[in-house]
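The values are calculated or read from the model by the stated rules, or taken from the named source; none is laboratory data. Everything numeric in this text was worked out from a predicted model, so none of it was measured. Glycine also receives a Cβ, built like all others from the backbone with ideal geometry; neighbour counts cover every protein chain displayed.
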Amino acid sequence: MSNCPCQITRRGFVAGCSAAIASFAGSRFNSLAFASPGTVTNDEVLVVLFLRGGQDGLHFIVPTAGNDRGFYQSLRPNLQIPAAAAQAYSLGSVTGPNGQTAFGFHPAAAPLHPLFQAGKLAIVQACGQAANERSHFDSMNWIELGTPGVDNTASGWLTRHLMTATNLPPNVLVPSMSVGGLQALSQLGSNETINLGSPSDFSLQIGPWRYQEEQRIFLRNLYEADTSWVHQAGLQALDAVDIIELYASNGYTPRPGVVYPDTWFGQNLQTIAQMIKIGVGLRVATLDLGGWDTHENEGDGAGGFFAALLGELAQGLAAFYEDLDVGTPAFTSKLTVVVMSEFGRRAYENPDRGTDHGHGNNLMVLSGNALGGLHGSWPGLAAAQLNQGDVEVTTEFRRVLSEILIRRMGNPAISTIFPGYTGYTPLGVVQGVDLPIDAQPIFSDGFESGGLSGWSSVVNG
Amino acid sequence: MPYPNLPALPQPQSRPSRPPSRPGLFSALAGHFPAGYPAPTGMRRPGKPVAPPGGTSSTVTLPSVAVVALNRMAFGPRPGDIAAFNALGGTDTARLTAYVDQQLSPTSISDTDCDNRIAAATYQTLNKTATQLFQDHHLADPPTWEQRIQPALETELATWMRAVYSKRQLLESMVHFWHNHFSMYAYEFLEGPMWVQVDRDVIRANALGNFRAMLGGIARSQSMLVYLDNFINFADSGVGYSNENFARECLELHCLGATVSYGNTPRNLVPTDGNGVPLGYCQEDVQDLARALTGWTFDIDYIPGQAGTTGQFVYRNDLHSTEAKILLGTQMASGRTAQVDGNQALDILVQHPACGKFIAKKLCRRLVGDFPPQSLVDSAAALFTSQWQAPDQLKQVVRHILLSNEFRTTWGEKIKRPFEIAVSALRASSAELRFYYQIPYPPDYNTWHVDMMDTSGLHYLYEMGNQILFGWHPPNGHPDIRGAWQASSPRVACWRLVNWLVETQQANGTWRLNVIGQTPSGVRSANEIVDFWIDRIYGRALSAFDRDQLVDFMASGHNADLDLPLDTDDATQDRLRSLVALMFMSPEFLWR
């Protein structure tokens, strides 16, 4: 037994190193490097930002005039944003059951207003799921799994999108990322998602320096020795480290003048911007901004907890868009950002100057291809129009996500991505081509055989 | 961001005596990889499934009962633990029964070494009364942020110390479980100052005791009262309560579970069992529980009529909703006090059959496997419910699970989470760490005590694994199922952590993981070294392939039967450190 490392036989090691490196070097500059000739490929990037805790949509996008302004003031005597303050960031008006209602941003969302005016922001009002549940955890699980009312689905909706997309190249370095925290439930079961915090901390250049590289060779051997789920998951992690170290470990500088919030959220947005710019094939990315569970002391328009968090959100999104609004064509021309939360909050304030768990909420789409403006059917705020005291849901979240999948990502496999969802028609939040819904699920492996038990729900219930 | 004022370490430091890390062959600009190592391949590539096929390993074999027990009801074996376990009896059953009963009586286990270590760590807050905590860390004029979070931080440090060094491993495992069950984010305005109280007086005091007592302690703890807002839940002239946050999570996360939530279904339409008891709860139950708990608050000056000088829990009948209530089908009469109403409500929750099933399933998931057999869950649940008033209810339930056939015959259905990886590595290697912070933090990084530097370094690396103790923001706790922990972020974070650990040194220059010193003098060939450390770290044999890999790494081309210059050669010593880290990184180390 006297093997030196260079003689080790690695299972699965087939390609000559130099050729592989040469082919991947090109990928740094062109994310389409792996497309086979003649293949139609899609290089759109979908970013899903989840606002954990249930964002108070009525505190973000505020009725400023019309009968609903009156209802809003009655519902929220202590918590209302002054009409003039929000009217300064006008979003126009819609016609609902109570006539014309004008809306404006909470002042802390000011950095988003220029994007709205430029038509880059589509806001779907009264969006959500019919399942009538005020639980954070059920609601989040159902949305991220893409199956309202069912929380033992074995994969996330983004996982199923990536599995069914027939317009992606066969080789992609980093098709999917989950940035900050644990891997998002929407990417549950994805075997190609890189889950990381910061790229500079995602390296194995640590430990006794003489043996870092050798250790990695043997580590790979140990994880290739079997096909159990723990071995496979370890290999994914090791592949991810190799890629990130090679392409993204040198830090990142945003465009001059672009200022991200100095927070984890700001860092995570920058990581995604970096990965988009270096051209490693990113198609899907998720991240979170938490802290929206404002049961007390939410704050009014002048400031307070909600305003600070909303300011972080608005500054971050605006910086992200501006940072990517470069290149030929601009990165933003391929970018769609979905901003969603598990539910809205109760229409009326509670005596602790906060709001309890509610129902319908805004869903925001920021994109170079947005059809900007207010969308959806505004249900009104009169008592009889509320659902158990909450804003009603008039648009299913899957309708909006389906439109983005079809029009931007070019993937019409809706019946697989959102099993049980029927009756889709586009709402018109983004530009793009309407494809016929593919009723034939395309399974790229044994997914439907139920072999995903090791990856099933992470719910503690 | 749990340590807001703590200067972040740019990178855990290599010791000055060691050469600086050279630009590795993996550096971003390099076009070369070591011979035999592949260039990065795409996360998507032909022939690779987009989602994993799942299944269990063909090579996972059931280890000895000692290994099972020490990895699932303890944080992994320390040197000598397996032998001590095996000396407890002549059969597996006798050994396991003796060990379980020993561990179920923690006060009967002498814990001098751990006690001495904690005493030497000079924590300042762990023995303060609740009122002292309130006054010193909330009222004191005004406390700095460091003073505010000191009780939470010191509890966290002591938790690490106990997990690594305490002989009362089942108690520590259960404390870990119950903290996660009643999960709170500790590094907050009032949770931080009062954290010692909830850890010591509620979780530790009842972890092997009675669930109803623990639930009551949680509901009255200042930390939970603030975290889920019940301290400002008062009778309101409109709806009879003002904040349903705690009530909802008490039903969903603490007692019954979301699987029996009927949402907004009207109360009279919730299905019932043969005894007329509703199978679950609906929004009306959430609201009536919120009403029953109105006036459960504490002495803090935000509350009208409170001086805010002691922080003591109070029942405020003047802020309590006296109307009649119905909870899970049980009528609660009108005109009663906050104390009577709230306590009856908690009694109702704990006696409901769904509570036993919910808690039993979580305990089985922790102690047995991610998908425990329903028969075991059901029998544990029945015991939980029938013994709901017994002072040793949880001891009985845990004993039932640990002595089940399923406990000793299940292996490889769970993986260690980051805390278990870190702690079991520290235990297997007899690490010397004092988890320690100087409070207030010395402003100049260069004046930090080496123990504080290493605690901080460990925190920095450990945090990226996403299992920060008392640092999970939402109230549902860290997931306890493998699907949540096999992504790349926790995996890579733990790989980094163990590599850093093998390189750190104490103030006197000795290694914290003294792997050289612990390798017996007669163990010097690659074969001997690897076999010694396999026994130490895994407590069981590895596959021939895995063992050969480790021997190849250690021998590095030399004859694996010949002695290596471990006592004199710096490079050989480094190789052994790297080998031990590699073993901690390996798939076999992850199984529970």
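Among the conditions (1) within 21 Å of the chain's Cα centre (by Cα); (2) crowded, with 21+ Cβ neighbours inside 10 Å; (3) more than 7 Å from every other protein chain (Cβ to nearest Cβ), A:Arg220 misses just one, which is (1). Taking every residue in the range A:212-223 that is on the phi > 0 side of the Ramachandran plot and pairing it with any residue that is of a type outside the set (Val, Ile, Thr), at least 6 positions away or on another chain, yields no pair with a Cβ-Cβ distance below 8 Å.
The rows are residues; the columns are (1) more than 26 Å from B:Arg482 (Cβ to Cβ); (2) within 9 Å of chain A (Cβ to nearest Cβ); (3) more than 37 Å from the chain's Cα centre (by Cα).
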site	(1), (2), (3)
B:Ala526	yes, yes, no
B:Arg540	no, no, no
B:Asp546	no, yes, no
B:His558	yes, yes, yes
B:Pro565	yes, no, yes
B:Asp574	yes, yes, no
B:Trp591	no, yes, no
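Of all residues in the range B:553-590, those that are surrounded by 17 or more Cβ atoms within 10 Å (Cβ to Cβ) and out of contact with any helix residue (DSSP H, G or I) (no Cβ under 7 Å at 6 or more places or on another chain) total 1.
Any idea which of B:Ala235, B:Ala307 is assigned to a loop (DSSP other than H, G, I, E, B) and touching a residue at least 60 places away in the same chain (Cβ under 8 Å)? Please lay out each step first, then the result.
Working: B:Ala307 fails: touching a residue at least 60 places away in the same chain (Cβ under 8 Å).
Result of the check over B:Ala235, B:Ala307: B:Ala235.
Looking at the range A:309-346 only, could you name the residues that are hydrophobic (A, V, I, L, M, F, W, C) and within 14 Å of chain B (Cβ to nearest Cβ)? Reasoning before the result, please.
So in the range A:309-346, the residues hydrophobic (A, V, I, L, M, F, W, C) come out as A:309-310, A:313-314, A:317-320, A:324, A:326, A:330-331, A:335, A:337-340, A:343.
Answer for the range A:309-346, where residues must be hydrophobic (A, V, I, L, M, F, W, C) and within 14 Å of chain B (Cβ to nearest Cβ): A:Leu309, A:Phe343.
The rows are residues; the columns are (1) in a loop (DSSP other than H, G, I, E, B); (2) within 14 Å of another protein chain (Cβ to nearest Cβ); (3) among the β-branched types (Val, Ile, Thr).
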residue: A:Arg353; (1), (2), (3): yes, yes, no
residue: A:Leu401; (1), (2), (3): no, no, no
residue: A:Met409; (1), (2), (3): yes, no, no
residue: A:Pro412; (1), (2), (3): yes, no, no
residue: A:Pro419; (1), (2), (3): yes, no, no
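As a summary of the residue check, A:Arg345 satisfies the conditions (1) over 22 Å from B:Asn230 (Cα atoms); (2) crowded, with 22+ Cβ neighbours inside 10 Å except for the one numbered (1). Being part of a strand (DSSP E or B) and modelled with pLDDT of 95 or more is a property that holds for A:Val339. Just give me the residues in the range B:445-482 being in a helix (DSSP H, G or I) and more than 17 Å from the chain's Cα centre (by Cα), in sequence order. Residues satisfying the conditions are B:Tyr445, B:Asn446, B:Thr447, B:Val450, B:Asp451, B:Met452, B:Met453, B:Asp454, B:Thr455, B:Ser456, B:Gly457, B:Tyr460. The residue pairs whose first member lies in the range A:83-94 and is under 19 Å from A:Gly303 (Cα atoms), whose second member is polar (S, T, N, Q), and whose beta carbons are closer than 7 Å, counting only pairs six or more residues apart or on different chains, are A:Ala83/A:Thr64; A:Ala86/A:Thr64; A:Gln87/A:Thr64.
Do we find a residue being more than 20 Å from the chain's Cα centre (by Cα), modelled with pLDDT under 90 and within 14 Å of another protein chain (Cβ to nearest Cβ) anywhere in the range A:173-196?
Here is the first cut: in the range A:173-196, the ones more than 20 Å from the chain's Cα centre (by Cα) are none.
No, the range A:173-196 contains no residue that is more than 20 Å from the chain's Cα centre (by Cα), modelled with pLDDT under 90 and within 14 Å of another protein chain (Cβ to nearest Cβ).
Counting only helices (runs of 4 or more DSSP H) that fall entirely inside the range A:152-268 and contain at least 1 residues that are under 30 Å from A:Ala314 (Cα atoms), the qualifying elements are A:157-164, A:229-248. Pairing residues of the range A:106-125 that are in a helix (DSSP H, G or I) with residues that are of a type in the set (Val, Ile, Thr), at Cβ distances under 8 Å and at least 6 apart in sequence or on separate chains, gives A:Pro107/A:Ile81; A:Phe116/A:Ile123.
Quick check on B:Tyr185: is it within 12 Å of chain A (Cβ to nearest Cβ), more than 27 Å from B:Gly356 (Cβ to Cβ), of a type in the set (Ser, Thr, Tyr) and touching a residue at least 24 places away in the same chain (Cβ under 8 Å)? Taking the combined requirement at face value, the residue satisfies it.
Restricting attention to the range B:520-543, the residues being closer than 24 Å to B:Pro587 by Cβ and not in a helix (DSSP H, G or I) number 6.
The single condition among (1) modelled with pLDDT under 90; (2) at the interface with chain B (Cβ under 7 Å from one of its Cβ atoms) that A:Thr227 does not meet is (2).
For A:Gln205, the criteria (1) under 16 Å from the mean Cα position of the chain (by Cα); (2) at the interface with another protein chain (Cβ under 7 Å from one of its Cβ atoms); (3) touching a residue at least 24 places away in the same chain (Cβ under 8 Å) hold in every case but one, which is (1). A single member of B:Gly276, B:Gly263 is more than 11 Å from chain A (Cβ to nearest Cβ) and assigned to a loop (DSSP other than H, G, I, E, B), and it is B:Gly276.
The condition of being within 14 Å of chain A (Cβ to nearest Cβ) and touching a Leu at 6+ places or on another chain (Cβ under 6 Å) does not hold for B:Ala345. Of the candidates A:Leu162, A:Leu219, the single residue that is more than 16 Å from B:Ser489 (Cβ to Cβ) and out of contact with any helix residue (DSSP H, G or I) (no Cβ under 8 Å at 6 or more places or on another chain) is A:Leu162.
Which residue is nearest to B:Ala158 (Cα to Cα), if the candidates are limited to the range B:404-418 and must be within 14 Å of chain A (Cβ to nearest Cβ) and not β-branched (Val, Ile, Thr)? Checking each candidate, the answer is B:Pro418. Of all positions in the range A:279-289, none carries a residue that is surrounded by fewer than 22 Cβ atoms within 10 Å (Cβ to Cβ) and without any contact (Cβ under 8 Å) to a residue 60 or more places away in the chain. Pairing residues of the range A:323-339 that are free of Cβ contacts under 8 Å to residues at least 12 places away in the same chain with residues that are in a loop (DSSP other than H, G, I, E, B) and buried (at least 21 other Cβ atoms within 10 Å of the Cβ), at Cβ distances under 6 Å and at least 6 apart in sequence or on separate chains, gives no pairs at all. The set of residues in the range A:361-394 being over 28 Å from A:Asp325 (Cβ atoms), buried (at least 20 other Cβ atoms within 10 Å of the Cβ) and more than 14 Å from chain B (Cβ to nearest Cβ) consists of A:Trp378, A:Pro379, A:Gly380, A:Leu381, A:Val391.
From B:Ala493, B:Ala431, grab the single residue that is within 14 Å of another protein chain (Cβ to nearest Cβ) and among the aliphatic types (A, V, I, L, M).
B:Ala493
Summed over the range B:484-510, the residues that are in a loop (DSSP other than H, G, I, E, B), touching a Phe, Trp or Tyr at 6+ places or on another chain (Cβ under 9 Å) and of a type in the set (A, V, I, L, M, F, W, C) give a count of 1.
Does the range B:376-423 hold any residues that are of a type in the set (Gly, Ala, Ser), in a helix (DSSP H, G or I) and farther than 30 Å from B:Val498 by Cβ, and which are they? Quick ask: steps written out before the conclusion?
Filtering the range B:376-423 down to residues of a type in the set (Gly, Ala, Ser) leaves B:379-382, B:386, B:390, B:404, B:412, B:422.
This time we only want the ones that are in a helix (DSSP H, G or I), so: B:379-382, B:386, B:422.
Within the range B:376-423, B:Ser379, B:Ala380, B:Ala381, B:Ala382, B:Ser386 qualify.
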